[in-house]
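Structure first, commentary second.
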Amino acid sequence: MTRSGINFRRCIMGGEKSYFSLTLDTLRILAGWAADCAERALPLFERHAPTDLRPRAAIEGIRAFAGGERRTAQLRTLALAALAAAREVNDPAAAAAARAAGFAASSAYTHPLADVGQTKHILGPAAYAALAVELAGGGDAAIGEAEVRRAVECIPAEARAILLQMPARSPGKTRLDQLMVQLDAGIRSRFVPLGGYNYLTN
C-alpha cells in the first residue's frame, strides 16, 4: 500500500480502489447530522410501533458516538436491529423512518473509499427520512423534496467534504433513488458557510 498526500490506492482482486483520509472526528460530525435527519422521521415509526424502541436506540447510539464515545460493534448491532424493525412494521412510512435510523447508526462505519456504494452511508438517513415524511403525507412529492432541501441546508461542511470524495449517484427507478439523487446533487452544489463567508465549493 502506498500513500500520496491524503489519497492512497489499494489493489484488490486485480482492481484498483481509491481511498482517502477520513478521521473519527469527521465521522462524528457526519454522525450528528445523520442522527438529526433520522430523528425527524422517528415519530412516524413510534406512532405505529410505540413499544418498539429499536430505531430510537439506534439514533441514541449514533448520537453517543457523535458526542465522543467510542465506535464499537454495538453500533452495528443497533443499526441491524433498526433495519429489522423496518421489515416488521406494517406501514411504509414507519418502515422508511426505521431505515433512516438504521442508516444513521451505520454512518459511523462509512469507509473512506471513493465508491458510489459508500454514498448510501452518508445519504441514507436523510433520504429515508424524506421518503418517510412523504409517504406519511399521502405520497406528496413536495413534502419529501422539502425535507431533502432541509437536509442539504443543514449538512456540515466536514460531512459534505466526505461525499465530495465519492462519485455522484446516477438516477434510479425508485422514489428512494430519486430522493438520493436530489440529495446528492443538492449537497454537492450548495453554498457552504465557513469562516463567516458563503462560498460555493465544487
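The values are calculated or read from the model by the stated rules, or taken from the named source; none is laboratory data. Bear in mind that the values here come from a model prediction, so they are computed numbers and not experimental data. We place every Cβ from the backbone using ideal geometry, glycine too, and count neighbours over all the protein chains shown. The accessibility values were calculated without ligands, DNA or RNA, using every heavy atom of the protein model including side chains. Shrake-Rupley method; radii C 1.70, N 1.55, O 1.52, S 1.80 Å.
Touching a residue at least 24 places away in the same chain (Cβ under 8 Å), touching a Gly at 6+ places or on another chain (Cβ under 7 Å) and aliphatic (A, V, I, L, M) - does that describe any residue in region 118-130?
So far as region 118-130 goes, yes, one or more of its residues are touching a residue at least 24 places away in the same chain (Cβ under 8 Å), touching a Gly at 6+ places or on another chain (Cβ under 7 Å) and aliphatic (A, V, I, L, M).
Return a yes/no flag: does region 129-151 have any residue that is at positive phi and in contact with a Lys or Arg (Cβ under 9 Å, 6 or more places away or on another chain).
Yes, because at least one residue in region 129-151 is at positive phi and in contact with a Lys or Arg (Cβ under 9 Å, 6 or more places away or on another chain).
Can you report the number of residues in region 34-87 which are open to solvent by 60 Å² or more (accessible area, probe 1.4 Å) and not β-branched (Val, Ile, Thr)?
Within region 34-87, residues that are open to solvent by 60 Å² or more (accessible area, probe 1.4 Å) and not β-branched (Val, Ile, Thr) number 21.
Which residue pairs have Cβ atoms under 8 Å apart, sit 6 or more places apart or on different chains, and have a first residue in region 92-107 that is farther than 10 Å from ALA35 by Cα and a second that is among the β-branched types (Val, Ile, Thr) and part of a helix (DSSP H, G or I)?
Within 8 Å, the pairs are ALA93/VAL133.
Which of (1) crowded, with 16+ Cβ neighbours inside 10 Å; (2) among the hydroxyl-bearing types (Ser, Thr, Tyr); (3) without any contact (Cβ under 8 Å) to a residue 40 or more places away in the chain does THR110 not meet, given it meets every other one?
(3)
In this structure, does GLY117 turn out to be in a helix (DSSP H, G or I) and open to solvent by less than 10 Å² (accessible area, probe 1.4 Å)? Don't jump to the end; show me each part of the working.
Details: in a helix (DSSP H, G or I): yes; open to solvent by less than 10 Å² (accessible area, probe 1.4 Å): no.
When the stated conditions are applied, GLY117 does not pass them.
Looking at (1) part of a helix (DSSP H, G or I); (2) free of Cβ contacts under 8 Å to residues at least 40 places away in the same chain, which is the one condition that is false for GLY61?
It is condition (2) that GLY61 fails.
Quickly run through region 138-185 and pick out the residues that are at pLDDT below 95 and of a type in the set (Ser, Thr, Tyr).
The one that is at pLDDT below 95 and of a type in the set (Ser, Thr, Tyr): SER170.
Would a scan of region 165-179 turn up a residue that is crowded, with 23+ Cβ neighbours inside 10 Å, touching a residue at least 24 places away in the same chain (Cβ under 8 Å) and closer than 24 Å to GLY61 by Cα?
Scanning region 165-179 turns up no residue that is crowded, with 23+ Cβ neighbours inside 10 Å, touching a residue at least 24 places away in the same chain (Cβ under 8 Å) and closer than 24 Å to GLY61 by Cα.
Residue by residue through region 189-201, note down the ones that are modelled with pLDDT of 50 or more and either buried (at least 16 other Cβ atoms within 10 Å of the Cβ) or within 16 Å of GLU134 (Cβ to Cβ) (or both).
Selection gives ARG190 alone.
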